[in-house]
Amino acid sequence: MAAVPAAAEGQEPLLSSGGDDESRYGDVVETQQHYRSRWRSIRIMYLTMFLSSVGFSIVIMSVWPYLQKVDLTADASFLGWIIASYSLGQMIASPLFGLWSNYRPRREPLVVSIAISVAANCLYAYVHLPSSHNKYYMLVARALVGFGAGNVAVVRSYIAGATSLTERTSAMANTSACQATGFILGPVFQTCFSLIGEKGVMWEIIDLQVNMYTAPVLLGALLGIINIILIFAIFREHQVDDMGRPCKSINFKAEESDYVDQDAQGNIDQVAVVATNILFFVILFVFAVFETIATPLTMDMYSWTRKEAVFYNGIILGAVGIESVIVFMVVKVVSKKTGERAILYGGLLIVLVGFFILLPWGKQLPNIQWEDIKNNSIPRIIFNEMFTPFWKLRTTQLPSNHTVEPTGCSVVQPWCLYTPLIHLAQYITSDILIGLGYPACNVMSYTLYSKILGPKPQGVYMGWLTASGSGARILGPVFVSQIYTHWGPRWAFSLICGIIVFSLLLLEAVYKRLTAFSVRYGTMQG
């Protein structure tokens, strides 16, 4: 075994970051100072991921009433574009920020992206000021928030490069858990701010109205500023190889002699890269369908009102979010025994079972919304308005003296007359299974992807993976809106099951290729 270099003057003794890795690899080990700095920087990335997801979810419940308040010309179809603009902005920005992080210090794209999000949140708080076209200002604001969220690619590429193979699954799981926690807590923050009311407080000096709609984004802007300060104060560039040895990176200049050049000989398996992107797209696609379908499905099947559907599904999705965080923590332990590929395969199987359970069986039909026919006021559905929410598409034009909201499965959707009821037990069971399988697939996709890429700069590749997920979140609601409205849940969920089966066959075909770069080229054992 090669001799261990002496610690630099003034530093603590040299330690191996991987337990007995020193006895196996020994030639270069990590100082405790470097180890602590590396993990402080990784935790700053956890915080950045958390704040990025909070920026999306903190206003999602209030976008529609705020849009109606600032621009009376805005309709429900425009709301769909505003919600989709976040994912579109992220899809465009992710490869760009990833490319930037490959050739420059990662602090630069991180700070710039967060600054864009801060500015976009401030713009969102002022969209009520212009005398016209307010809805377009809101569209731009949300698109820019999504553009700033493109730093997810930088965050994940940094974590991949700053962790050894043995550390990476746990680090990626923590990153996903922070992201999921942000999605859960965002609506909670929004609910707290609803106590301020629509009027709120007017800050006349800067012409700012702080109310239930603007306070959440102002909090997001403040948290973004704090994030920037922490990046400047704490974040440092670090990179280790798959064995955990500190190595030189193109993103910074090594000041110590204890760094080794990363052995990047060999080519990335592009088939494995493409396959992982496809699998990740499918995973995000089916979850976007699951989120989108919840409200219209429960209103059709259980005769819930809009208020009841939002309230009950909010509780269910909150519980699924908590379940997901628990799964993120559990897979860190389980993956050490089974490996990432097995968990990914198992997670897809669980999601498949979850959607299969949602298929309607039996003879009992849902309650039919006959008021449409009685009042002779069946609205014409404009199918090219792809983002129009389902409840808007089937709202009955009731007489002015009619105060009861029609409930049940609208006769506007012909399948309501012959499609069996999906029982509530089926729906709850499906939610539990999807909440179990989705997070396992999510974190394993990122972990496998980062290991496949190996020591090569991962910014652009992570950008494409993030972009594929953003594209899935855009196309998922479009897909389900068309299939569900035209042909009902039987066709919608059958097609989803078919897509998942395709992904399982793809995973089976490339299973042996989804191995770490260093294992593939024999620099370390799997």
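None of the figures in this text is laboratory data; all of them are computed from the coordinates on show. Worth saying up front: this structure is predicted, and the values here are computed from it rather than measured. Counting neighbours? That spans all protein chains shown, and the Cβs are built from the backbone with ideal geometry, glycine included.
Between Met329 and Thr429, the contour length at 0.36 nm per residue exceeds the alpha carbon distance by 33.8 nm.
Cα convex hull, segment 34-104: 109 Å³ per residue, rounded to a whole number. Put a plus charge on the Cβ of each Lys and Arg, a minus charge on the Cβ of each Asp and Glu, and nothing anywhere else: the dipole of segment 30-184 about its Cα centre is then about 420 debye.
Label positions at Arg236 and Ile60, each projected 7 Å from the Cα along the C-beta direction, are separated by 3.7 nm.
Just the Kirkwood number for segment 110-224, please: inverse of mean 1/r across all distinct Cα pairs, in Å, one decimal. All intermediate terms of the calculation are to be shown ahead of the outcome.
Numbers: mean 1/r = 0.0626 Å⁻¹.
For segment 110-224, the Kirkwood estimate is 16.0 Å.
For a modelled paramagnetic label at Ser37, 7 Å from Cα along Cα-to-Cβ, the residues of segment 148-164 in reach, with backbone nitrogen under 16 Å, are 162-163. A protection proxy built from the mean count of other Cβ atoms within 10 Å ranks the segments 358-368, 318-328, 281-291, 95-105, most packed first, as 281-291, 95-105, 318-328, 358-368.
Among 196-209, 175-188, 504-517, how do they line up by average Cβ neighbours within 10 Å per residue, starting with the highest?
Details: 196-209: 11.6, 175-188: 21.3, 504-517: 16.1.
The densest-packed peptide leads the list: 175-188, 504-517, 196-209.
Here the relative contact order of segment 93-217, from alpha carbon pairs under 8 Å that lie six or more residues apart, stands at 26 percent. Can you give me the Cα centroid spacing of segment 482-498 and segment 317-345 in angstrom? The two parts, judged by their Cα centres, are 28 Å apart. Site pair Gln270 and Glu308 shows an inter-label distance of 5.6 nm when each label is modelled 7 Å from Cα along Cα→Cβ. Scanning residues 5 or more positions from Ser410 or on other chains, those with amide H under 5 Å from its amide H are Gln369, with H placed 1.01 Å from N in the peptide plane.
Label sites at Val210 and Gln364, each approximated as a point 7 angstrom past Cα along Cα to Cβ, lie 5.2 nm apart.
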